[in-house]
Structure formats: structure tokens, C-alpha cells
């Protein structure tokens, strides 16, 4: 069988490498064009890993400062917020300016809140043991609980106080309080991270 030459269109028998008329090679290698791969915009950039050695140091330092200086003056809520905020700042300084995302800031804040809760619990236990003030603390707690219940619902205040004074009620209240403090600490860590990011972007 024959095929036309690619150079002069003269008939050339199959299997012949060169055209007898023009000498054009009859073997053609077709190049395969590589099409660029489309960019997958749905893929997420992986979040930087938390350096836990630096995170533990930052959370411990922030929790200690908040528990000793801020909580006695301004209360638990502001103390947890401040501890979370400081933990994000200390972590950034400890890691020499490593990027900190909002999720990392929330975890740092929650970790500092746990440190603060532990320190406050130790302080309360030492106070009760040294000064035998367990009865006074319980009375202060019940007074605060009574004021809160009467403020929320004066008519149902006796039932609320009785429910909260039971062991199950105290356990539930403690759990809710712990969750709230962790949320405050996480929020403080997020705020600290966002402020640092804004500072980095400013000229």
C-alpha cells in the first residue's frame, strides 16, 4: 500500500523511511500537548501546626498572670478573656512571629482558661484548709445564687435555689460555669490573634 509524501505528495510505499522524490522523512512523531491542570480552588490551605511546647508555656504564663492579678480585681469573666488574649501574644513571641490562626488562638485561650481554673481551685482549697472558711464560701455562694435567681425570676426563685443547692444542681452549675469560662478564654485568644494579624498588615 502507498501513502502520499508529507513533503511533496508523491506516492510512497508503506515502510519506506524517506521519499524517493524529495527525500522527506516519512516517520512523524506527533507531539502531545500537555494541558495545564486547573487550579482546585475548593482545596483548603492546611492550618499551621501548634507548637505545643510553646503553647503550654504561653498558656501557663498567661493563666498565672490572669489568676493572680486580673481575676481578684475584675472577676472570672474578664480574667479568662485577658488570659486568652495574653496566651496568643506570648505564643507569638515564643515562636518568633510564627503565623497564628483564629483556631489556634481559640485553643490557646481555652488552654489558658484551664490553667486559670486549676489555679483558682487550688487557691480556694488552700484557703479552706488554712482558714477553715468552707462555711463562709458556701454561704457567699448561696447568697450570690439567691440574688441571681431572684433577678432572673422572682416568683420561681425558691424552686431554682432548691434545685441548684442539690448535688446534681451544683454539678450542673459547675459544668455550665466551666464551659462558659472556656468559651471566654477561647474568645480572648481569638481577639488576641486578630489584633496581631491586623498589626502585621498595618504599614
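Just a few scattered comments:
- Scanning segment 111-137 for residues that are on the phi < 0 side of the Ramachandran plot and not in a helix (DSSP H, G or I) yields a single hit, 133.
- Every residue from segment 112-141 that is over 30 Å from residue 91 (Cβ atoms), modelled with pLDDT of 70 or more and in contact with a helix residue (DSSP H, G or I) (Cβ under 7 Å, 6 or more places away or on another chain): 128
- Scanning segment 80-110 for residues that are within 14 Å of the chain's Cα centre (by Cα), without any contact (Cβ under 8 Å) to a residue 60 or more places away in the chain and part of a helix (DSSP H, G or I) yields 91, 103.
The values are calculated or read from the model by the stated rules, or taken from the named source; none is laboratory data. Quick caveat, the model's predicted, so the values are computed rather than measured. Every residue, glycine as well, gets a Cβ built from its backbone with ideal geometry; the counts of neighbours run over all protein chains shown.
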